[in-house]
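Step one of this worksheet: look at the structure below.
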Amino acid sequence: MMPIAGEQFILTDSKGTRVQLGDFVEKLRKDEKRVLADDEVGLVLYVGDLGIYQWKPIHSGEFLAQPVTQISQPRFHTRILRKQIGAIVLSVTEDAIFIVTDGNSLRKIRAEKLKPGMVLATGEKVYR
Amino acid sequence: MSFKNQLEKQCYEIAKNTLGDNVRVEHNKKIQIERALCPEVVSFTGPPTKEIDILMCRLIDKPRIILLTSCKQLSNKAEPAHIQEWGAVVQTMNKYGDGALYLGLVISPSGFTNGCEAWATSHNLGLIPPLKGKALVFSEQAILHMYSRVLFALHKRLQYTHIDLMSPPAFYDFVYALVADFEGREEAANEERYFLAPKEWLSSFSEMYATVAGHIIEDAIAVEGATVIKLDTGIQIRFSGNRVDYGQAECLEEGAKVEPSCFKNIEMEPCKFEFIKSIIIGKRISSAGDFGTYLEYGLDQHYNFGLHINGFHVVSTKNPVEANKL
């Protein structure tokens, strides 16, 4: 699950020390047991037992740490879009899923169909 | 062993290859759940008639975790009712499983209608192919590749832990993460132009460029029907008209060597192969373009170097053009 562009990932270990994605992946790739898939579609590694956290920006401007179980490196990248949602500007892949309010209901849309003025389920407004 | 449809047979063979003998198929069967004290029978037949065909794969033994796969070979997209039905089967099996844990997967090559995702996430069922925003039809080969990928990954993943996958929508998400990237691959498959050596994996222009950018040209050769350049660290690029192969593989220079046709400047004036080599060797790739009938690389931001099916060209990109002719 990597809707955010790889370049924007902030990964740390459980002590908060920054983990460089490229070096980390190359190191783990040698451990056969962790390689869930390594084929013409891409690479998927299991890291759930390593105490790795991904830091995501939230509305307040702070970062939220979420545990990471898998790291995927697809070989066929989708287009990257820049979106300003609330106060945050994000680079997201065009197929990243957002949940927006639609009257009294919620619906899922891809990032490529996200338009200025839409409001996410979290209450944040899409500006551009 | 009989199979309900061709898809089920193919999935069975894939599961057999991945998991060995821990795979079986059951059709319209009263499923007897083994319990030490009171054997219970759970039937999925009878009014209203439900024909449940199951492909069962035992993934690990301690604890016993079994994947129940439903192979839907339908003329239209699968509907929420199909997902609900499979959710009920997996739920029932988990209820009477006597310690065994069951995960559910639905394969429908014709795809799924929009309402299926909500049911799949709440029942924690994996869906193949992925339900995505684009109206993309996956080839049968891609569907089977997805199934194979999920089985292999799941088998390895369960060696670590299983608890987190049992709660919705973790298993749905796990399967989605493994099959979602096929979308980009399918788009590249429509072109079938770039291939990564030595495994001949389907590739794309962007991946090719990411692999060769910044590398230094060490040699160029022409063989029958193709031109080849060799880069540092063993990377080679072979251009043969409608196909571009690249990667770390010596086999890319295979073929009888021939004398290439060589040209220079925008006017494409004939020149010697040695002249071309004297310019390109030692230069670093700084850009690339695919023009269909030829592939062109920018070198050190000063030259454009083209690979044609039967030769090469080189052009200076310095301005003014007239003053910088080669």
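Taken about its Cα centre, chain B carries a charge dipole of about 840 debye when Lys and Arg each add +1 at the Cβ and Asp and Glu each add -1 at the Cβ.
Residue by residue, the range B:226-233 carries 3J(HN,Hα) couplings of 6, 10, 9, 10, 10, 10, 5, 6 Hz when phi is fed to the Karplus relation 6.51 cos²θ - 1.76 cosθ + 1.60 (θ = phi - 60°); x denotes Gly or Pro.
The stretch between B:Thr113 and B:Arg24, if pulled fully straight at 0.36 nm per residue, gains 29.2 nm over its current Cα-Cα span. Volume per residue for the protein assembly as shown equals 199 cubic angstrom (convex hull of Cα atoms). Taking amide H as placed 1.01 Å from N in the peptide plane, B:Leu74 has its amide H under 5 Å from the amide H of B:Ser110, each at least 5 places away in sequence or on another chain. Taking every DSSP beta bridge that has both ends in chain B, the antiparallel portion is near 70%.
Within straight-line reach of A:Lys113, meaning a Cα separation under 18 Å, sit the following lysines at least 8 residues removed in sequence or on another chain: A:Lys83, A:Lys125, B:Lys132, B:Lys134. The B:Gln6 and B:Asn265 beta-carbon pair, evaluated with R₀ = 56 Å, returns a calculated FRET efficiency of approximately 0.45. Restricting the range B:196-241 to trypsin sites (Lys or Arg not before Pro) that sit in a DSSP loop and have at most 14 other Cβ atoms within 10 Å of their own Cβ leaves B:Lys199. Summarising the label geometry, the points placed 7 Å from Cα in the beta-carbon direction at B:Ser122 and A:Lys115 lie 2.9 nm from one another.
Start at zero, step by 5 Å, and the Cα-Cα distances of the range A:79-128 spread as 5, 24, 34, 27, 8, 2, 0 percent across the bins. Centroid-to-centroid, using Cα positions, the range B:145-191 and the range B:231-274 are 39 Å apart. Think of chain B as a dipole: +1 on every Lys or Arg Cβ, -1 on every Asp or Glu Cβ, centred on the Cα centre; then among B:Gln236, B:Val150, B:Phe205, B:Val150 lies furthest on the positive end.
Taking the longest Cα principal axis of chain B as reference, the axis of helix B:170-179 is set at about 30 degrees.
Sequence-ordered 3J(HN,Hα) estimates for the range B:302-319 from the Karplus curve with 6.51, -1.76 and 1.60 and θ = phi - 60° stand at 10, 9, 10, 10, x, 10, 10, 5, 10, x, 9, 9, 9, 9, 7, 9, 6, 9 Hz, glycine and proline given as x. For the range B:48-181, the square roots a ≥ b ≥ c of the C-alpha gyration tensor eigenvalues yield an a/c of 1.5 or more together with a/b not exceeding b/c, which makes the shape oblate. The label point for A:Ile10 and the one for A:Trp55, both projected 7 Å from the Cα toward the Cβ, are 0.4 nm apart. Rounded if a/c is under 1.5, else prolate if a/b beats b/c, else oblate: with a ≥ b ≥ c from the C-alpha gyration tensor eigenvalues square-rooted, which is chain B? Because a/c hits 1.5 or more and a/b exceeds b/c, chain B counts as prolate. Applying both filters, DSSP loop and at most 13 other Cβ atoms within 10 Å, to the trypsin sites (Lys or Arg not before Pro) of the range B:69-145 gives B:Lys134. Dipole magnitude for chain A: about 480 debye, using +1 per Lys or Arg Cβ and -1 per Asp or Glu Cβ, origin at the Cα centre.
Placing +1 on the Cβ of every Lys and Arg and -1 on the Cβ of every Asp and Glu, with no other charges, gives the protein assembly as shown a dipole of roughly 1140 debye about its Cα centre. Amide H to amide H, with H built 1.01 Å from N, B:Asp219 comes under 5 Å of B:Lys230, counting only residues 5 or more places away or on other chains.
Starting from the range A:20-121, pick out the trypsin sites (Lys or Arg not before Pro) whose DSSP state is loop and whose Cβ has at most 12 other Cβ atoms within 10 Å. Of the trypsin sites (Lys or Arg not before Pro), the ones in loops of the range A:20-121 whose Cβ has at most 12 other Cβ atoms within 10 Å are A:Lys30, A:Arg79. Distances between placed amide hydrogens fall under 5 Å for B:Lys325 paired with no residue 5 or more residues away or on another chain. Rounded to the nearest 10 degrees, the angle from helix B:80-95 to the longest Cα principal axis of chain B is 60 degrees.
Within straight-line reach of B:Lys95, meaning a Cα separation under 26 Å, sit the following lysines at least 8 residues removed in sequence or on another chain: B:Lys29, B:Lys30, B:Lys50, B:Lys62, B:Lys72, B:Lys156. In order along the range B:194-209, the Karplus-derived 3J(HN,Hα) couplings, from 6.51 cos²θ - 1.76 cosθ + 1.60 at θ = phi - 60°, round to 9, 9, 9, 7, x, 7, 6, 6, 4, 9, 9, 4, 5, 5, 4, 5 Hz, and Gly and Pro are given as x.
The alpha carbons of chain A stretch over 49, 34, 23 Å along the principal axes, in descending order.
Computed from the Cβ-Cβ distance with R0 of 41 Å, the FRET efficiency linking B:Lys325 to B:Asn242 stands at 0.80. When chain A is treated as a GNM with alpha-carbon contacts under 10 Å, the residue of A:Leu50, A:Leu21, A:Leu114 showing the greatest mean-square fluctuation is A:Leu50.
Readers should treat all values here as calculations from the given coordinates under stated rules, not as data from a laboratory. Here the structure is a predicted model, which is why all the values come from computation and not from measurement. For neighbour counting, all protein chains shown are included, and Cβ atoms are generated from backbone atoms with ideal geometry for every residue, glycine included.
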